[in-house]
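Written out below as structure tokens is the structure these notes cover.
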Amino acid sequence: MQPFKQQTLRISNSLTGKKEVFQPLKEGYVGMYVCGPTVYSNVHLGNCRTFMSFDMIFRYFKHLGYKVRYVRNITDAGHLENDADDGEDKIAKKAKLEQIEPMEVVQRYTVDFHETLQKLNLLPPSIEPTATGHIIEQIEIIKEILDKGFAYQINGSVYFDVVHFNKTHDYGKLSGRKLEDMITNTRALAAQDEKRNPQDFALWKKAEPQHIMRWPSPWGDGFPGWHLECTAMSTKYLGETFDIHGGGMDLKFPHHECEIAQAEASNGNSPVNYWLHANMLTLNGKKMSKSTDNNIYPNEIFSGENNILSKAFQPSVVRFFMLQAHYTSILDLSNDALLASEKGYYRLMDGVRLIGDLPTGAITHFDITSWQQKCYDAMNDDFNTPILISHLFEGVKHINLIKEGREQITVEDKVTLKTIFSAFIFDVLGLEDQQGTDNDSDTLHGVVNLLIHLRNQARANKDYATSDQIRDELMAMGIQLKDGKDGTTFSLN
RNA sequence: GGCAUCGUGGCCGAGUGGCUAGGCACAGCUCUGCAAAAGCUUGUACAGCGGUUCGAAUCCGCUCGAUGCCUCCA
């Protein structure tokens, strides 16, 4: 099945600043690269939002029937803390602090990264390459850039010559900056004597004797510049030009700008057709960041062990909360917002669970085909998950009406409804029904159903003291009874 | 200082020239032994000021405020 032939997908391209119809280089195939994390500490929730946004995009492409090669790297080579010569790389710094090998740091936090993303139900990418595994490829690109005259070598380091590059190319086209402005407005930074211009960036840095992560190169022992690894790995696995490059908004400049420059300088091709940027997650109105203290770790949300939120929230609730905002908008995390999302999430999941037991009738009271297309239209409009979710709630409303016997649905439409719900909620949005998934849920269901039976007997005998006691005490345990036309059901909150 | 983004009803959050998502909260009603759940109904909100237009939350200008990038960051 190739639904993409029926759907016209439009996506926001940061390079042009416009929404454009998505045209892959090769029909039916999508190549997508997303800048992954630097693994020097636990992944924080802001990181997760970005990767979740692209996970949702990955999932939608797959749902549309595309064959997607999704590459997301792991940055495991340490990069400089700052531009000064005494700058330390983050991984080495952490290694020194914890008295372990840099690669132990990398391993530990790579595992944490994978575990956390798995809890949030992110699919693994097709390829997850590491920077240290592609040193040779990076060196080859530096050679090409040097050959083309867009870089210069000095004291065992190699720098990209931005000013020279800008004479024949457009440095700043992605971020909307002009080199002249940058030159005029450069802040005074210490110790940049090696570079011809402050705008130049490192392709290769000479390793000082105390620097642990180092590799041999034609220019001596050193390590690659930060921007280079993405160019090397995206080119290797997706080609010199590929469909989509994604990442957080904060990488737009300079990181992605430099990637464009490196690719154009080395092979002459503009590397990416569609640049996608996911916006920031803020906490208390400020950007979440590892380098400041303004952050919360996913596990602290799942466990409730934090002093920001009033209770613990399931990963799926967090995911749902994030998907209720558009990926290009700034989203602010707060306790109230999370509580509101949690309730909505449960309502949605209750609706999904009800579909199977819905009675069927002679007609369907709503136009399921046009409703389905509305769901697609939402996603086709730059992956508008908030709108999709609003349509899903429309669906839930109909489900509840059918359940109460106020509307009807035909047998065929019921099957369609279930298929659409399942496709969008579980496949595209990647939500999980995390209620009642315990191993003992069969036992639990039996017990609760017994209590429901006893309560209804008490009610029939007008023994309301007993019936209310059963109801209220179950409620206190997080089991909510729901009296409907055809008997009582329950849900676990 | 430069560049960029944003400011939507009690809260969160879509929309982006006329037909004004959705969730949560609140109120009324239906249902109920009472509730809860579910359904129905109600909210004319778009920072401020000026302009363009038959018509603007949506376009333009200014002001104010917030945030991001300009240095490692998703």
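The values are calculated or read from the model by the stated rules, or taken from the named source; none is laboratory data. What you are looking at is a predicted structure, and each value in this text was computed from that prediction instead of being measured. Note that we place each Cβ from the backbone using ideal geometry, even for glycine, and neighbour counts take in every protein chain shown. Note: areas computed on protein heavy atoms with side chains; ligands, DNA, RNA excluded. Shrake-Rupley method; radii C 1.70, N 1.55, O 1.52, S 1.80 Å.
Brief remarks on what is shown
- Theoretical FRET efficiency, 1/(1+(r/R0)^6), r = Cβ-Cβ of residue A:370 and residue A:10, R0 22 Å, to 0.05: 0.65
- Relative contact order (%) - region A:282-428, alpha-carbon pairs under 8 angstrom, separation at least six: 23 percent
- Projected label distance in nm at residue A:175 and residue A:287, using a 7 Å step from Cα toward the beta-carbon: 1.0 nm
- Here is the result for region A:384-493: no chymotrypsin sites (Phe, Trp or Tyr not before Pro) lie in DSSP coil with at most 13 other C-beta atoms within 10 angstrom of their C-beta.
- Every Cα-Cα pair of region A:441-492 was included, and the share exceeding 12 Å stands at 63 percent.
- C-alpha center-to-center spacing [region A:325-353, region A:1-52] in angstrom: 22 Å
- About the Cα centre, charge dipole magnitude for region A:3-278 (Lys/Arg +1, Asp/Glu -1 at Cβ), debye: 1180 debye
- Sequentially through region A:308-316, phi angles give Karplus couplings (6.51, -1.76, 1.60; θ = phi - 60°) of 10, 10, 7, 7, 7, 10, 5, x, 5 Hz, Gly and Pro residues having no value and appearing as x.
- Antiparallel DSSP beta bridges within chain A, as percent of all bridges there, nearest 5: 50 percent
- Rounded to the nearest 10 Å², the accessible area of residue A:288 at probe 1.4 Å: 10 Å²
- Ranked order, A:470, A:212, A:399 - accessible area, probe 1.4 Å, largest first: A:212, A:470, A:399
- A:249, A:322, ranked by accessible area, largest first (probe 1.4 Å): A:249, A:322
- Shape class of region A:379-433 from the Cα gyration tensor (axes a ≥ b ≥ c, square roots of the eigenvalues): prolate, since a/c reaches 1.5 or more and a/b is larger than b/c.
- Calculated mean residue ellipticity at 222 nm for chain A: -13500 deg cm²/dmol, from DSSP H runs with n ≥ 4 weighted as -39500 (n - 2.57), summed, divided by the residue count and rounded to 500.
- Put simply, the amide H of residue A:68, placed in the peptide plane, has neighbours under 5 Å in A:30, leaving out anything fewer than 5 places away on its chain.
- Pairs beyond 20 Å (Cα-Cα), from A:62/A:173; A:343/A:485; A:18/A:173; A:19/A:178; A:67/A:119; A:93/A:143: A:62/A:173; A:343/A:485; A:19/A:178; A:67/A:119; A:93/A:143
- In chain A, Cα pairs under 8 Å separated by at least six residues give a relative contact order of 16 percent.
- In straight-distance terms, cross-link reach from residue A:287 covers every one of the aspartates and glutamates whose alpha-carbon lies under 13 Å from its own, apart from those fewer than eight places away in the same chain; here that gives A:250, A:332.
- The portion of the accessible surface of region A:295-379 made up by carbon and sulfur, rounded to a whole percent, is 51 (1.4 Å probe; DNA, RNA and ligands excluded).
- Taking amide H as placed 1.01 Å from N in the peptide plane, the amide H of residue A:364 sits under 5 Å from that of A:410, each at least 5 places away or on another chain.
- Accessible area of residue A:463 (1.4 Å probe, protein heavy atoms only, ligands and nucleic acids ignored): about 60 Å².
- Column: log10 I(q)/I(0), Debye, Cα scatterers of chain A, q = 0.06, 0.09, 0.11, 0.13 Å⁻¹: -0.35, -0.72, -0.98, -1.26
- Normalised by residue number, the volume inside the convex hull of the Cα atoms of region A:282-428 is 115 Å³ per residue.
- Top positive-direction residue, dipole computed over chain A with Cβ charges, set A:165, A:333, A:363: A:363
- Residue A:222 long-range amide H proximity, modeled H, under 5 Å: A:207, A:215, A:217
- With every protein chain in place, region A:3-278: carbon and sulfur % of accessible area (1.4 Å): 48 percent
- 3J(HN,Hα) along region A:485-492: 4, 9, x, 10, 10, 9, 9, 9 Hz, from the Karplus curve 6.51 cos²θ - 1.76 cosθ + 1.60 with θ = phi - 60°, whole Hz, x for Gly and Pro.
- Computed with a 1.4 Å probe on the full set of protein chains, the accessible area for residue A:404 sits at about 90 Å².
- Accessible surface ranking for A:477, A:103, 1.4 angstrom probe, highest first: A:477, A:103.
- Ligands, DNA and RNA are left out, and with a 1.4 angstrom probe the accessible area of chain A is 46 Å² per residue.
- Taking θ as phi - 60° and the Karplus parameters 6.51, -1.76 and 1.60, the scalar couplings of region A:207-219 work out to 8, 5, x, 7, 6, 7, 7, 8, 9, x, 8, x, 10 Hz in sequence order, x denoting glycine and proline.
- Beta bridge orientation in region A:220-296: antiparallel %, DSSP, nearest 5: 25 percent
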